[in-house]
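The values are calculated or read from the model by the stated rules, or taken from the named source; none is laboratory data. Remember, it's a predicted structure, so these values are computed and weren't measured experimentally. A quick note on method: Cβ atoms are made from the backbone with ideal geometry, for glycine too, and the neighbour counts reach across all protein chains shown. Ligands, DNA and RNA are excluded from the accessible area calculation, which covers all protein heavy atoms including side chains. Shrake-Rupley method; radii C 1.70, N 1.55, O 1.52, S 1.80 Å.
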Amino acid sequence: MPAPGTETSNGSGAVAMSEAENASNHGNAGAPKGSLELRKSSSELSFEGYDGNYDSNHLRGEDSDGELSPRLGQGHVLPNASKQQAPIPVQWPERNEEAFQRGKACLKTLECDALSFTSDDLVHLIFEIFMELNLPEDLGIPIEKMKRFILGVRDRMLDNPYHNWTHIFDVTQTVYSLGTISGVIPRLTSMECFALFISAMCHDLEHPGVNNLFLIKSRSSLATLYDETSILEKHHSFRAFELMLHSNIDLLSFLQPEQYTFFREMVMSIILATDMARHSDYMTRLKEKMQPDEQGKELDSLFEMEILIKCADTSNVLKPFEVAKKWALRVTDEFFLQGDMERANGMDVTPMCDRTTQSRVALQKGFIDFVIGPFYRCVGSVFPKMAHIFGQIQVNREAWDAYDDAMLEGELGNTYRAELPGLLNDGPMKLRIVTWNIAAVNNNPFEYWITHQSDEYAKLMQSVQHFIDNPGEKDFEVSSIFSDQMFAELKEEMAEHGFSGLDEWEMRWETEYRGRMSVSGFLKDKHIGSKRLISMPDRITNTINSDGRILMRPSVISMFDEDIRSIGQWWRMWKQFIFHTEILTLDRLTPGVYNSQTVCQMIQEIKHSKYPAISVEEEEISIPLQVLVLAVFDAVLLHILNTVALKTWQPIKRSLCEAFNQNKGQEVISILRNSYEDGDVIFIQEAAAGFVDQAKAGLGNKYLILRPYLLDGYRNQNSIILAKRERFVEGSTIDVTEHVCRLAGGGKWTAPGDLCVMAMKGVDGSRYLLASFHGDTNGLATV
């Protein structure tokens, strides 16, 4: 957003890199509530605003060893999911009866070609699997919850060539087929069957399109988080439970605590079975089951379910060759995109991902001969009812002998691309670009000088402007508003909450802040801005969503709507909010468990390495320093407004909050849809994590909604990209955000959400690099 107040900012931006010429570049696209005129005022009451609410449910923080605990943890165990998450799409698609009947007829077979159906078709067919198994009725799961969950899974799958929504359906349907053929499903309890099919649906949830080895080599934060073992599988499990416990789904409400623990252990074990690093372990176990003294013994149901999902996850070789070769093209597309990214980042290219040395066909042959062929032979011995279906593997293996890469790409690649519009264009496309920082109108109602129907508004803004421009004798010492008694009370609160360095902190109050003049020495001090002593705590505490409650800091620049009649009254409310308001944050280790903390405990250190303006000594006490400076800031603003417009400023503020903040996300969607529908690429900055779901629901039919693999729900300042479907190839996207961040200072100058960088293919055959970025680091990370 534009540089606010006394702080400096390098603002936001967007980059579309290719040989294409950008046809246009729109700036601020407007603001919610129609044609409000936005003009920056030097009297604006803002120090870096932000988009949306702080959503405590999006915090990331799994345990240090990366394991997902299978047991309930300590904290506040809620019987129902919290109401604080982003909304789940609820628009159930219309059913294409012809496609539905065609798919239903082959659900229990290996003849089902998932790639021949639309995304909506697959939604109905996967729902039909749950209905045929009678799981909703047996377990008491409302149909509406089941539908919301299915839509939630589809919505969270990324646009990868292979690991996408179609793959999710394919594996789930294949589990249904193999479980029926093998006779395993009838032996399972309803709970076990539910765990199996939930695992199938979530086994690749939010897959980033690269493998575990890539995450390790690239030093991904996920690799560190999960201790470099079964990284993706653990993360898929975590995301699965996060989704099932989402307030708009609450899929597991029928479970008692002990049932929840049992169910969670099953799902985690089944999903972890898909990690190919564990393949040899399963081969060993299968061979043990083949020994004479083991034959005829009843198999453990969990082991059966793990084998079923392993088979389904590698089942392309079991499908008719016309189906198998389509999946072969897509999986090698994804491999080669990973190799391209490894090469571009100076990493050793994974051999199977190197398009310069590898053959798609040879990869398929090798996979059958050395990996999956021996596996299925063992499975056929232990599960004899499935043995007859494995003959298709040899049929496909022989069919590959008659193919080379040119034939495969000629048959499928060209056919696929021929269906896309725009291929006859000469040269790279001309793209119409829109960029909008949607935090331009945020939770600070006074951020912009607007057109208002009341004359009192203009009078208020002009009076504040004049006061700040020419305070003269009206300027006042900080200590005359934020008194020594208030500081003593603040220190007592800080000590009770265990903050250290308070002696150094008090010394700085006495020598650096107490005697300043509030306007000329405090509000206009650019050093306070460059140290982020106000903006950082404001973005965390301004507006908080906790357990369905929207909590606002008592401040002029929040949506706090209670009357503030005096500094004393405000101070009592402010202390209560900062130090005694309980915030529930989701324990990322144990879904359904919430940890309690006060608002002041949410504030984070300001690092000298990222913000050089703050000294190393100040970094040590940066949390109490932020609390102090924020308190002084709020007190000074309140005094100024009470001085210039005691009776009118609060009613005016309420009218602004109503105009700007109600249904903001939907207003943004409406503006984009109605005024900027000609945009080929729309770059969005400073969006709340929940805005991604809103964009998919409101604009997903026209645009690919591209987001980084990891969203920031703490600051809720995310960059995302909307790429028009008719201009870009769905399934060609590779997320390079984390790798660009690493090149741009290794995270030193960027925070989660600042960047969204996607490499993808246009319908003209050209590759494009699309980047949306928000920077607040004095331009140090500008690309």
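Looking at this structure, is E582 charged (D, E, K, R), at pLDDT below 95, within 22 Å of F660 (Cα to Cα) and open to solvent by 10 Å² or more (accessible area, probe 1.4 Å)?
Details: charged (D, E, K, R): yes; at pLDDT below 95: yes; within 22 Å of F660 (Cα to Cα): no; open to solvent by 10 Å² or more (accessible area, probe 1.4 Å): yes.
The answer is no for E582.
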| message | Can you pull out every residue in the range 211-229 that is open to solvent by 10 Å² or more (accessible area, probe 1.4 Å) and either of a type in the set (K, R) or not in a helix (DSSP H, G or I) (or both)? | response | N211, K217, R219, D227, E228, T229
| task | For the range 556-574, indicate whether the set of residues that are modelled with pLDDT of 95 or more, buried (at least 16 other Cβ atoms within 10 Å of the Cβ), over 17 Å from P624 (Cα atoms) and among the small types (G, A, S) is non-empty. | result | no
| query | Looking at (1) surrounded by 23 or more Cβ atoms within 10 Å (Cβ to Cβ); (2) farther than 19 Å from S119 by Cα; (3) over 24 Å from the mean Cα position of the chain (by Cα), which is the only condition L243 fails? | reply | (3)
| message | Just to verify a result, which residue in the range 480-511, among those that are among the aromatic types (F, W, Y) and in a helix (DSSP H, G or I), is farthest from Q597 (Cα to Cα)? | response | W509
| query | Looking at R432, is it among the charged types (D, E, K, R), within 30 Å of F773 (Cβ to Cβ) and either at pLDDT below 95 or surrounded by 12 or more Cβ atoms within 10 Å (Cβ to Cβ) (or both)? | reply | yes
| field | Number of the condition not met by K647 [criteria: (1) surrounded by fewer than 22 Cβ atoms within 10 Å (Cβ to Cβ); (2) within 21 Å of the chain's Cα centre (by Cα); (3) modelled with pLDDT of 90 or more] | value | (2)
| remark: Residue pairs qualifying under the 6 Å Cβ cut-off, at least six apart or on distinct chains, with the first in the range 473-490 being charged (D, E, K, R) and the second being open to solvent by less than 50 Å² (accessible area, probe 1.4 Å), are D475/V519
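Given the criteria under 18 Å from C193 (Cβ atoms) and in contact with a Lys or Arg (Cβ under 7 Å, 6 or more places away or on another chain), does A273 qualify? Even if it seems obvious, please write down each step before you answer.
Numbers: under 18 Å from C193 (Cβ atoms): yes; in contact with a Lys or Arg (Cβ under 7 Å, 6 or more places away or on another chain): yes.
Taking the combined requirement at face value, the residue satisfies it.
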| task | Answer yes or no: is there a residue in the range 744-764 that is buried (at least 21 other Cβ atoms within 10 Å of the Cβ), under 13 Å from the mean Cα position of the chain (by Cα) and at pLDDT below 75. | result | no
| task | Confirm whether S237 is hydroxyl-bearing (S, T, Y) and open to solvent by less than 40 Å² (accessible area, probe 1.4 Å). | result | yes
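Suppose we filter the range 152-172 for residues that are open to solvent by less than 10 Å² (accessible area, probe 1.4 Å), assigned to a helix (DSSP H, G or I) and touching a helix residue (DSSP H, G or I) at 6+ places or on another chain (Cβ under 7 Å); how many remain? Walk me through how you get there before you give the answer.
Here is the first cut: in the range 152-172, the residues open to solvent by less than 10 Å² (accessible area, probe 1.4 Å) are 152-153, 160, 167-172.
From the residues that got through so far, the ones that are assigned to a helix (DSSP H, G or I) too are 152-153, 167-172.
Among the residues that remain, those that are also touching a helix residue (DSSP H, G or I) at 6+ places or on another chain (Cβ under 7 Å) are: 152-153, 168-172.
Total meeting the criteria: 7.
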| task | State which residue pairs qualify: first residue assigned to a loop (DSSP other than H, G, I, E, B) and inside the range 431-445, second residue at pLDDT below 90 and of a type in the set (G, A, S) in any location, beta carbons under 7 Å apart, and separation of 6 or more residues or different chains. | result | V441/A31; N442/G49; N443/G49; N444/S46; N444/G49
